[in-house]
1. Kindly identify region 44-108 as rounded, prolate or oblate by the Cα gyration tensor criterion: order the square roots of the eigenvalues as a ≥ b ≥ c, call it rounded if a/c is under 1.5, otherwise compare a/b with b/c, prolate if a/b is larger, else oblate.
2. Can you give the convex hull volume per residue for the Cα atoms of region 27-148, as a whole number of Å³?
3. Can you work out the FRET efficiency for the pair Glu46 and Arg159, with r the C-beta to C-beta distance and R0 = 45 Å, to the nearest 0.05?
4. A 20 angstrom limit on the alpha carbon distance is what I want to check against. Which of Lys18/Lys204; Lys128/Lys185; Lys152/Lys195; Lys152/Lys185; Lys18/Lys50 exceed it?
5. How about region 93-146: which chymotrypsin sites (Phe, Trp or Tyr not before Pro) there are in a DSSP loop, with at most 14 other Cβ atoms within 10 Å of their Cβ?
6. Which percentage, to the nearest 5, of the DSSP beta bridges contained in the chain is antiparallel?
7. Which residue fluctuates most in the GNM of the chain (Cα springs below 10 Å): Ala130, Ala58, Ala114?
8. What distance in nm lies between label points placed 7 Å from Cα along the C-beta direction at Asn39 and Asn63?
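The values are calculated or read from the model by the stated rules, or taken from the named source; none is laboratory data. Please read all numbers here as calculations on a predicted model, not as lab measurements. Neighbour counts are summed over all protein chains in view; Cβ atoms, including those assigned to glycine, are modelled from backbone coordinates with ideal geometry. SASA here: full protein model, heavy atoms, side chains in, ligands and nucleic acids out. Shrake-Rupley method; radii C 1.70, N 1.55, O 1.52, S 1.80 Å.
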Amino acid sequence: MAPIGTLTGPTGNPRNNKVRIVAQFLGIELNTTPNFVMNVDNKTEEYIAKFPTGKVPAFEGANDFKLVDSSAIAYYVASQAGSNSPLLGQTAEETAEILQYMFFAEADFMPALAGTVYPILGYMPFVKPAQQFSEEQLFRFLGVLDAILLNKTFLVGERITIADIAFACDLMTAYALYLTSEDRKKYRNVTRYFKTMINQPAFKAVVGE
């Protein structure tokens, strides 16, 4: 199968990985840009002409079709498997649930994680009250997710959907950079879920062991 388009952005970026894992899961080919330099290549006149927001990753497909935002790109890639794509909802209700969890990951969990971790990494100023508030929100959202996963293997139904791939990619940063062994035990349902996801062949193919 010929590539459906080009995914532009650093290949090791978690948001980039989200799209690549979806493609890997479905056997869909994508062109990538392994030599892309963040905050350099996405600020060129050529890039801004194509993608005015300057956001990364970005996607360019056939017939001048362009997208930014990793979740939108991942959803589009998942749709290329057809109306019965295993990663998408098969009913209106399933689709709504999938979108609900994707929005939860993007609008709630990731901002809390970024506000917790980025000041420590030097990506943004360290303002203690703001960082502490973000940490409180992060652990609250982990608690919510832990409760949701109490009797579930996956977020929607009994199969992996794009919502699981999106959330697991966001969880990677938390597990790699912040959560302690005690945190992992406390949110044991999230930890079980995370391990299930990262041990999927499509994950391993993109991010390694």
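1. Working: a/c = 3.97, a/b = 1.65, b/c = 2.41.
Oblate, because a/c is 1.5 or more while a/b does not exceed b/c.
2. On the way: hull volume 18.8 nm³, N = 122.
Taking the convex hull of the Cα positions in region 27-148, it is 154 Å³ per residue.
3. Working: r = 40 Å, r/R0 = 0.90.
Efficiency, from the Cβ-Cβ distance: 0.65.
4. Working: Lys18/Lys204 12 Å; Lys128/Lys185 26 Å; Lys152/Lys195 14 Å; Lys152/Lys185 17 Å; Lys18/Lys50 22 Å.
Beyond 20 Å between Cα atoms: Lys128/Lys185; Lys18/Lys50.
5. Numbers: sites: Tyr101, Phe103, Phe104, Phe109, Tyr123, Phe126, Phe133, Phe139, Phe141; in loops: Tyr123, Phe126.
The qualifying sites are Tyr123, Phe126.
6. If we restrict to bridges inside the chain, about 80 percent are antiparallel.
7. Of the options given, Ala130 has the highest mean-square fluctuation.
8. Distance between the two pseudo-spin positions: 3.9 nm.
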